[in-house]
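What follows is a short report on a single structure.
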Amino acid sequence: MTAATSKVLEPGRSTTLPSARRFLLWTGIVALLAWVLVPIYFVALGAFGGRLGVFRWPKSIWPTDLAIEPMMQFLTIEGVFNALINSLIAAGLTVLFSIALGAPAGYALARYTFRGQNAYRLLVLLTRAFPLAILALPLTVSFIRLGLYDTPFGVSLIHTVLALPFAALVTQSLFMGIPREYEEAAWVFGCTRFQAFMRVVLPLALPGLAATAIFAFVISWNEVFAASILTVRERTLTAYLLRILSESPLHYRFAGGFILIIPSVLFIFAVRRYLFAVWGIASK
Amino acid sequence: MADIVIDRVVKEFGSFRALQEVSLTVNDGEFVALLGPSGCGKTTLLRIIAGLETQSSGRVVIGGRDVSDLAPRKRRLAMVFQNYAVFPHMTVFENVAFGLRMQKASQADVRRKVERAAALLHIDGYLDRYPAKLSGGQRQRVAVARALAVEPAVLLMDEPLSNLDALLRLEMRTELKAVLREAGTTTIYVTHDQTEAMGLADRIAVMYGGKIDQIGSPLEIYATPATRFVGGFIGSPPMNFIKVRCAQGKAQIGAAVLPCPVAGGDIELGLRGEDASLTADGAGIPFDVRVVEPMGSHLLLTGSIDGQLARIVAPPTAKVDAGARVGLSVDPSRLTWIDSGTGRAMART
């Protein structure tokens, strides 16, 4: 009897309960989306709305009289283009260094067991715990001595330090996901260790390595503190904008902010699958 | 073609001795199975032969060439891995061609040899596909074809069939035997499955605790196990071991007396379940039947001989009831006499 009633009740419960849950889920999703997207949307409105758009009150939430001109004007401000180039150089070098140094470290962590492996893994992360502000003065002094001060190369070295822990740990999990047997098969069938890596491991790791590269790129692109203290004339875009925007009209600030946001958003969108994989959440 | 000599190979992992002075000779063209339970060192031995693991001491000689310190690629061998290790980013053709490409074979040569290996393993229809589109059995075939395409002097196989389902395993086993016979390659095959080893191998090396307990033809190992472990590991049901005392050339089991061809005190009698037959009049070794399991082709009787657990195989038509006491007659020449202390079979005097 009880079994029969519960059988009757169950279908009803199984439709109401998940629907309430689904409602909660979607509310959460919408709230989180709004949290991220609404500010970006208003920055974009400001960036493309021009002087009038920024100061109009009450504010329209719909895109009215947008124009590309404010953005073009902003890009032609003296120094912006140079800073953009510097940013690209610094970010490019950061990508190069963090892959060149981080991927071998990740490979070693994934494939070999050695004494102090866990300590090393922790140490890699601890570099991020070191506040850059404390290092700023000694770094500036030594950079001046070494002739690295006020160069994109010098900035990229510091950015590499910031990106390297991620590069090493992300590539470690990447290489761990590639079975050792593939490599062993390659060795048996005539490959040296290096050839096996190039022919078998690298092609399989490439998507993940690309994600790591873009990650390093964004870290460098967004970093402002080190870039500001280590450069004077050859500023990166973030550092340059920080200086000029405080004395610029509001719509220029929006334009600058918008340009800075775009690469990060594009990056996260492009590599979201790999990030989930890194964090152990299946994307299926 | 090449023979393999494994000369007193020792492997230590820290303080753990995975292999203790293992020596083994595999003749040219021979198929030898390394059989043993997991953790007995069989895979470690295979990996040492392949060069994927370095021995702590000892030598590996392939075709008269000491390869002990050579990298895997210089040992002129091929290997089939347990999880196939078929490269997922290459087509079946490129997978099979991998070894040939590394040898820098000419384009025509590669095509000819890949097609021959593919035809042999019946994968010629899938050469353009990627491994992700293949079933487990097909991937296994690709792995074997890749190994055979390089025409290796020595082929190593590490539990190649263990990931296949039972039916496919039986089919691949038969096919593998035919293919390898044709190729005439010296093969070492690691497995924990005794039927695989018995069915495929010319000789079986039974490994236990980092040592080879016995090397011999399947029938030899089955009929005359060298140790208690070999007797218990090979055969289904496993060999029965019954403690007896020998005195003046006679062994007493219950009321029955057997001629005892060995000298010594504590002795175990190794008796295969199918080597005993039921006597019509209940004479012979007394056997108390506890459970009768009809298996179709035979009856499996579980019970006790002289208070000790034993399993006996009887013909399917035999009339035996649980709880009955029956008599067994045995052929003395098919018995194994084992020293209880050492666990080794004793020589007949």
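Checking the stretch B:11-22 against the condition returns no match, with no residue being closer than 15 Å to residue B:152 by Cα, buried (at least 16 other Cβ atoms within 10 Å of the Cβ) and not basic (Lys, Arg). In the set (1) outside any helix (DSSP H, G or I); (2) more than 14 Å from every other protein chain (Cβ to nearest Cβ), the condition left unmet by residue B:45 is number (1). Among the residues making up the stretch A:117-162, those that are in contact (Cβ under 8 Å) with a residue 24 or more places away in the chain, more than 15 Å from residue A:105 (Cα to Cα) and of a type in the set (D, E, K, R) are A:128, A:150. In the condition set (1) over 19 Å from the mean Cα position of the chain (by Cα); (2) assigned to a strand (DSSP E or B), residue B:212 is compliant with all but (1).
Scan the stretch A:69-88 and tell me whether some residue there is at pLDDT 90 or above and either over 30 Å from residue A:51 (Cα atoms) or out of contact with any Phe, Trp or Tyr (no Cβ under 9 Å at 6 or more places or on another chain) (or both). No, every residue in the stretch A:69-88 fails to be at pLDDT 90 or above and either over 30 Å from residue A:51 (Cα atoms) or out of contact with any Phe, Trp or Tyr (no Cβ under 9 Å at 6 or more places or on another chain) (or both). Scanning the stretch A:210-252 for residues that are in contact (Cβ under 8 Å) with a residue 24 or more places away in the chain, basic (Lys, Arg) and assigned to a helix (DSSP H, G or I) turns up nothing.
Scanning the stretch A:195-209 for residues that are within 12 Å of another protein chain (Cβ to nearest Cβ), under 15 Å from residue B:85 (Cα atoms) and either in contact (Cβ under 8 Å) with a residue 60 or more places away in the chain or among the hydrophobic types (A, V, I, L, M, F, W, C) (or both) turns up A:196, A:200, A:201, A:204. In the set A:157, A:126, A:174, only one residue is modelled with pLDDT under 90, in the same structural domain as residue A:221 (by TED's automatic domain parsing), farther than 25 Å from residue A:270 by Cα and among the hydrophobic types (A, V, I, L, M, F, W, C); that residue is A:126. Each residue in the stretch B:142-191 was checked for being surrounded by 15 or more Cβ atoms within 10 Å (Cβ to Cβ), away from chain A (no Cβ under 14 Å) and part of a loop (DSSP other than H, G, I, E, B), and 3 of them qualify. Residue A:190 meets each of the listed conditions (1) small (Gly, Ala, Ser); (2) within 14 Å of chain B (Cβ to nearest Cβ); (3) within 19 Å of the chain's Cα centre (by Cα) apart from (3).
Here the stretch B:62-93 is the region considered, the condition is being touching a residue at least 60 places away in the same chain (Cβ under 8 Å), assigned to a loop (DSSP other than H, G, I, E, B) and more than 9 Å from chain A (Cβ to nearest Cβ), and the residue that is surrounded by the fewest Cβ atoms within 10 Å (Cβ to Cβ) is B:64.
On the stretch given as the stretch A:141-156, residues that are of a type outside the set (D, E, K, R) and surrounded by fewer than 20 Cβ atoms within 10 Å (Cβ to Cβ) total 9. When residues in the stretch B:229-243 are screened for being buried (at least 21 other Cβ atoms within 10 Å of the Cβ) and of a type in the set (D, E, K, R), 0 of them pass.
Filtering the stretch B:292-313 to residues that are farther than 15 Å from residue B:268 by Cα and part of a strand (DSSP E or B) leaves B:292, B:293, B:294, B:299, B:300, B:301, B:302, B:303, B:311, B:312, B:313. For the stretch B:119-134, the set of residues classified as assigned to a loop (DSSP other than H, G, I, E, B), more than 19 Å from residue B:89 (Cβ to Cβ) and of a type outside the set (A, V, I, L, M, F, W, C) consists of B:122 only.
Please work out if residue B:96 is within 27 Å of residue B:196 (Cα to Cα), within 11 Å of chain A (Cβ to nearest Cβ) and in a helix (DSSP H, G or I). Criteria met by residue B:96. Of the listed requirements (1) out of contact with any Ser or Thr (no Cβ under 8 Å at 6 or more places or on another chain); (2) more than 13 Å from chain A (Cβ to nearest Cβ), residue B:52 misses just one: (2). Return the residue satisfying two criteria in turn: it lies in the stretch A:178-206 and is part of a helix (DSSP H, G or I) and out of contact with any helix residue (DSSP H, G or I) (no Cβ under 9 Å at 6 or more places or on another chain), and of such residues it is surrounded by the most Cβ atoms within 10 Å (Cβ to Cβ). It comes out as A:181.
Only one of B:116, B:139, B:111 is part of a helix (DSSP H, G or I) and within 24 Å of the chain's Cα centre (by Cα); which?
Values: B:116 fails: within 24 Å of the chain's Cα centre (by Cα); B:111 fails: within 24 Å of the chain's Cα centre (by Cα).
Selected residue: B:139, the only one of B:116, B:139, B:111 that is part of a helix (DSSP H, G or I) and within 24 Å of the chain's Cα centre (by Cα).
The values are calculated or read from the model by the stated rules, or taken from the named source; none is laboratory data. For clarity, every value in this text was computed on a predicted model and none was experimentally measured. Using ideal geometry, Cβ is built from the backbone for each residue, glycine included, and neighbour counts are taken over all protein chains shown.
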